[in-house]
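Read through the structure below, which is laid out as structure tokens, and then see the notes.
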Amino acid sequence: MQAQLNPTAYAQRLAQACDTLRLDASEQQIGQLQQYIEQLQRWNRSYNLTAIRDPDQMLTQHILDCLAVVSPVKRALPMREHQAPTILDVGSGAGLPGVVLAIMLPTAQVTCVDAVEKKMTFVRQMRGVLGLSNLGAIHARVETQSAQYDVVISRAFASLSDFAQTAGERVLPAGKLIAMKARPTDDEFAELASKTAWSVDSVEPIHVPELQAQRCLVWLHRTGNP
């Protein structure tokens, strides 16, 4: 039988994580995060959206991991008076980090794109279930898209060069390309510089509450033709 997570304890841990990360989360947002993981667990039984099935691990390795990038992403968003900032989550899977960003950054327009149809069907369902009018889902390969965004982010790519080659064209000229990574290597940085028009701007360590693992954001910038 699959383990169940106590809803009260779950909400408390979410609230504590947001407090640790200095995120001003409302009761509604905590409830949306809680409902999201409950839906993810339910759908995962039939559709295999994620290899992680234990709800406790889903909380730490998925939700808290994505909450840890909310503040840095918010910092990267432009301030415009009449147009919402835009975020593209590439290879979004079940909406990670896109759904979490849509919950926590309600004034931003978040689009998830993934080549697996059932995963984008789930994200569309989350738009309705969670009442996220700022969330969109596109079933496609990102290379086939033409729109550009203020922030393009992914936690799905193993290689920085693959990410830059695949998603770099989707970044607005003044936008940001951000990779969520565990431990990038010097070889990975060298491959990025030799094969793409992008290079590393900075590597920002991030702390994921309850997770004893190294995590960081790799900020990339255009350098010209490879």
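Quick look at the numbers
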read-out	value
Pick from the stretch 21-30, criterion part of a helix (DSSP H, G or I) and touching a Leu at 6+ places or on another chain (Cβ under 9 Å), ranking: nearest to residue 56 (Cα to Cα)	30
Residue list for the stretch 42-65, filter: in contact with a helix residue (DSSP H, G or I) (Cβ under 7 Å, 6 or more places away or on another chain), at pLDDT 90 or above and farther than 16 Å from residue 16 by Cβ	43
Enumerated helices (runs of 4 or more DSSP H) restricted to the stretch 69-184, each holding at least 2 residues that are within 20 Å of residue 203 (Cβ to Cβ), under 13 Å from the mean Cα position of the chain (by Cα) and of a type in the set (A, V, I, L, M)	70-76
Answer residue from the stretch 185-226, given it is closer than 30 Å to residue 20 by Cβ and of a type in the set (Ser, Thr, Tyr) and is nearest to the chain's Cα centre (by Cα) among those	202
Of all residues making up the stretch 174-190, the number that are over 30 Å from residue 80 (Cβ atoms) and either modelled with pLDDT of 95 or more or polar (S, T, N, Q) (or both)	1
Filter result for the condition that a residue is surrounded by 24 or more Cβ atoms within 10 Å (Cβ to Cβ) and either without any contact (Cβ under 8 Å) to a residue 40 or more places away in the chain or closer than 28 Å to residue 214 by Cβ (or both), over 116, 70, 142, 123	123
Out of 90, 129, sole residue that is buried (at least 16 other Cβ atoms within 10 Å of the Cβ) and not aromatic (Phe, Trp, Tyr)	90
Residue 192 touching a residue at least 40 places away in the same chain (Cβ under 8 Å) and touching a helix residue (DSSP H, G or I) at 6+ places or on another chain (Cβ under 6 Å)	no
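The values are calculated or read from the model by the stated rules, or taken from the named source; none is laboratory data. Since the model is a prediction, treat every value here as computed from it, not as a measurement. Glycine gets a Cβ as well: all are built from the backbone with ideal geometry, and neighbour counts include every protein chain shown.
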